[in-house]
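Following: one structure in structure tokens, then a few remarks.
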Amino acid sequence: MVYVWWGIVESESPSRYNFDGYMELMEMARKTGIKVHADMSFHQCGGNVSDSVKYATPGWPSRLVFCHVSLVFFLPL
């Protein structure tokens, strides 16, 4: 299984995807006959006591929301 991190794939701006590293990994797996389960991860990695790896969510969504608060949906308490 491999985690496909949103913060890596779509880090620059909305709808600008870069799967290059993941595609290279999938090609290596294909050549060796290994099947890969890809898990799309839309959350931050890291922040727990024993975490050695950290992947943040992309910065552009918060910048977008800051400029266009009407895009945010709030659930009533």
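Looking only at region 1-31, residues that are in contact (Cβ under 8 Å) with a residue 12 or more places away in the chain and of a type in the set (Ser, Thr, Tyr) come to 4 in all. Beta carbons closer than 7 Å, at least 6 apart along the sequence or on distinct chains, pair a first residue in region 32-46 that is without any contact (Cβ under 8 Å) to a residue 40 or more places away in the chain with a second that is in a loop (DSSP other than H, G, I, E, B) and not polar (S, T, N, Q) for His37/Met1; Asp39/Met1; Gln44/Ala56; Gly46/Val53; Gly46/Lys54.
Residue count for region 52-65, restricted to those that are farther than 17 Å from Ser11 by Cα and surrounded by 10 or more Cβ atoms within 10 Å (Cβ to Cβ): 0. The requirement of being open to solvent by 50 Å² or more (accessible area, probe 1.4 Å) and touching a strand residue (DSSP E or B) at 6+ places or on another chain (Cβ under 7 Å) is not satisfied by Val49.
Whether a residue is open to solvent by less than 60 Å² (accessible area, probe 1.4 Å) and modelled with pLDDT of 85 or more was assessed, and Trp5 passes this test. Within region 13-42, the set of residues being open to solvent by 90 Å² or more (accessible area, probe 1.4 Å), under 25 Å from Pro58 (Cα atoms) and part of a helix (DSSP H, G or I) comprises Asp20, Met23, Glu24.
Filtered by the rule that a residue be polar (S, T, N, Q) and either within 12 Å of the chain's Cα centre (by Cα) or closer than 21 Å to Glu12 by Cβ (or both), region 23-51 gives Ser41, Gln44.
The values are calculated or read from the model by the stated rules, or taken from the named source; none is laboratory data. Remember, predicted model here, so these are calculated numbers, not experimental data. Glycine gets a Cβ as well: all are built from the backbone with ideal geometry, and neighbour counts include every protein chain shown. Accessible surface is based on the protein model in full, side chains and every heavy atom, while ligands, DNA and RNA are left aside. Shrake-Rupley method; radii C 1.70, N 1.55, O 1.52, S 1.80 Å.
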